[in-house]
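The values are calculated or read from the model by the stated rules, or taken from the named source; none is laboratory data. Just so you know, these numbers come straight off a predicted model, no measurement behind them. Positions of Cβ are generated from backbone atoms using ideal geometry, with glycine treated the same way; all protein chains shown enter the neighbour counts. Note: areas computed on protein heavy atoms with side chains; ligands, DNA, RNA excluded. Shrake-Rupley method; radii C 1.70, N 1.55, O 1.52, S 1.80 Å.
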Amino acid sequence: MKCVIEGNGVKVFGKAVHALSRIGDEIWLDPQEKGLALRTVNSSQSAYACFCFTPLFFQQYIPDPDIQNGCEAVKCKLNMKCVLPLFRCASWRERRVDRCEISINIPNSRVIFQFHCRHGITKTYNLGYQECEALQAVFPAHLCPNVLMAQSKLLGDIVVHFPVSQEEVTLSMSSFKVTFKTFCEEENNCIKGMNTELMLYPDEFDYFQVGEDSAVTFCLKELRGLLSFAESYSLPVSSQFGVAGQPISFTVKDMALEAHVVLSTLTDPNHESPSRPAPGDDCPVNIPKTSTAEISTCEGPMETEVCVADGEQVASSQGSEVFNPALHMRKMIQLHAPGEIPSLVPESALTTPVTPATFKIRSLLFGAVYSDGGNDKTVDLPSLACASDTEEDGGTEEDLGNNVS
Amino acid sequence: MKFRAKIIDVGCLNHFTRVVNTVSRLTKACVLRLTCDHLYFVLSGRVATGGVSMWCELSQVNFFDEFQLEGVSADANEIFLEVAPENLSRALKTAQNAKSVKIKLTKKNCPCLTLAAELPSLSSVSRVVTHDIPVDVIPRRLWHDFREPQMPDFDVSIYLPPLKTMKSVVDRMKNLSNYLVLEANLNGEMNLKIETELVSVTTHFKELGNPPWGDDGSQSSSPTHRDPDLMAEARVDIKKLQQFLTGQQVNPSRAMCNIVHRRILHLIFLHEDVSLQYFIPAVM
């Protein structure tokens, strides 16, 4: 892969890296035909971000230069701490950098960042990468019942009222209004801290669609990176979400790039109790109040099957409640025969009797069950939650489906 | 018990915010005493605070457009609340361009001071941001702990040098020593001294002026005049002095200190509608 970014674009690229650094410690690079994707996920796998730069963004973009040799563009990941300093002093870079060339040197396992600066100075950074499968998350944003679009300034004005240390906020939506408020875990805990609440009305949004009244709780801290990126470029931000437990996504779109942040939301504890798997099950299930992890990352070419082997824990999730993807994956298969899609479209959500169990587990895999995802325009979040070698949506599902009793 | 108040004027709001910011830099928790005419932020000297105490008095009518109070009882028409001023500061911070700010005492899961700021917004209706700040109501039997401190029987009272200068001197001295001696006399002279094994540093200020409290400029019960050149001193923890000087967001119209020789340093900052007193005990 080789690409060239001209002066102003370097600043944008740098801000994107900054936004990603607010979430995760590693950057996944994925050069594709349709653009270069930078992705990251946080350590508890409850937040995912992706910045996809289309070929329009670059002065030159060649995803796979060795096509005659049959070399595929390599997918790899870099340590955030190595990449971030390259784009740290935004204003300095903007004045001095004429262009930046990024290329991947496969024999040496290096990603090369070359900054061509004024006065003939060239700065070259060779960063070692780790080859891995693409980090991919699936989130059928178009199936979400609730959609909001607002100018970034509006959202910036809202989050400023919440202290920077405030982790979780609850966003409630009804036909009449949208409320943002500090999240309290238990009634009693509210005594300790300050509670902030504010309300917005439909006419303040550029687009307001409420398919289902809901209240979702997510971590605000992880969203701030995207919001400040959007505010720098005055881009509108759109948000898609469903009910508690379903992930919430935030999107910023432009001609040259598309950015997504997907955050898990807390499941509604009221729905929790009747449906949780009994403790006797072969999985120490996560405690209701914690955010559920929806993304699994597969690392290394060694993984040939869906990376949900029993007992395996992705190292980065050790800090969070134990989440055994295998159990939930099996349950998912049991609930839905392959091909059956638990529909998230608005009308179905309202009319289909959905059991709490379905609800929670569906949220865990982010709608990975959908099989017809390839047909529409939001294929910007490609393929499966657990990247398989085949890259086929339906492929993995069918394989697993065959194992269903 | 009821309390409701409203600020409409932007200038009053900014001024009130600055006072709250100052208080929040001095202490993590304090008592807010509300009466019909005044608000007080009180910190009573305890071992936990290192003996430091604070009394900040605001005249309510200079800040609030509306102010209604119903105290604990008819004969004790006051409310005492324990609050973290930082919460109040944070709530006010983003309300600086509000059309109005309402503060009232409410009961959510616990007693709260609810601050509702009406902000300008794009829609036809103003955006209202509500902050619930948890407070503890202090029962009447404990009110005596938070009485207005008596003016101490000081030996010398003197106006302070310009705060900025004093602050930069104290900042540098803090790097050298943990304790600072402040001494002053009735001739308008003040010295800030530190002394360690390796070094001693003294900064001299002259012609500061002494506030005319009484005929002789001191409140000592004995009628004899005090020798104007005689210094009264207090050795204090330098961090506490620095904390006080750093926290000031409002430039006072009058800044002075009273020294009780080797006992207490009493700092007084006066502004038109706010007075702030800070007591730092002397250490040996």
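If only residues of segment B:109-133 that are of a type in the set (S, T, N, Q) and surrounded by 15 or more Cβ atoms within 10 Å (Cβ to Cβ) are counted, the one that is farthest from the other protein chains (Cβ to nearest Cβ) is B:Thr114. Within segment B:134-147, restricting attention to residues that are surrounded by 16 or more Cβ atoms within 10 Å (Cβ to Cβ) and touching a Leu at 6+ places or on another chain (Cβ under 7 Å), the residue that is nearest to the other protein chains (Cβ to nearest Cβ) is B:Val135.
Within segment B:236-247, the only residue that satisfies the criterion of being touching a Leu at 6+ places or on another chain (Cβ under 7 Å) and open to solvent by 40 Å² or more (accessible area, probe 1.4 Å) is B:Gln243. Considering segment A:137-225, the qualifying strands (runs of 3 or more DSSP E), each wholly inside and each with 1 or more residues that are crowded, with 21+ Cβ neighbours inside 10 Å, within 14 Å of another protein chain (Cβ to nearest Cβ) and touching a residue at least 60 places away in the same chain (Cβ under 8 Å), run over A:146-151.
State which residue is farthest from B:Phe279 (Cα to Cα) when the search covers only segment B:29-51 and only residues that are modelled with pLDDT of 90 or more and in a loop (DSSP other than H, G, I, E, B).
Per the criteria, the residue is B:Cys36.
Of the numbered criteria (1) closer than 19 Å to A:Tyr129 by Cα; (2) touching a residue at least 60 places away in the same chain (Cβ under 8 Å); (3) in contact with a Ser or Thr (Cβ under 8 Å, 6 or more places away or on another chain); (4) crowded, with 24+ Cβ neighbours inside 10 Å, the one A:Lys2 fails is (4).
Of the residues making up segment B:148-168, those that are assigned to a loop (DSSP other than H, G, I, E, B), of a type outside the set (D, E, K, R) and either surrounded by fewer than 13 Cβ atoms within 10 Å (Cβ to Cβ) or free of Cβ contacts under 8 Å to residues at least 40 places away in the same chain (or both) are B:Gln150, B:Pro162. Hey, could you check segment B:1-28 for residues that are part of a strand (DSSP E or B) and open to solvent by less than 30 Å² (accessible area, probe 1.4 Å) and say which is nearest to B:Trp143 (Cα to Cα)? Out of the qualifying residues, it is B:Phe3. One residue stands out among those in segment A:22-39 that are under 15 Å from A:Tyr129 (Cβ atoms) and not hydrophobic (A, V, I, L, M, F, W, C): the one that is surrounded by the most Cβ atoms within 10 Å (Cβ to Cβ), which is A:Arg39. Inspection of segment B:169-177 identifies no residue that is among the hydrophobic types (A, V, I, L, M, F, W, C), closer than 30 Å to B:Lys93 by Cα, open to solvent by 40 Å² or more (accessible area, probe 1.4 Å) and in contact with a Leu (Cβ under 8 Å, 6 or more places away or on another chain).
Give segment B:93-108 a look and list any residue that's open to solvent by less than 80 Å² (accessible area, probe 1.4 Å) and either more than 11 Å from chain A (Cβ to nearest Cβ) or not hydrophobic (A, V, I, L, M, F, W, C) (or both), or say none. Answer for segment B:93-108, where residues must be open to solvent by less than 80 Å² (accessible area, probe 1.4 Å) and either more than 11 Å from chain A (Cβ to nearest Cβ) or not hydrophobic (A, V, I, L, M, F, W, C) (or both): B:Thr94, B:Gln96, B:Ala98, B:Ser100, B:Val101, B:Ile103, B:Lys104, B:Leu105, B:Thr106.
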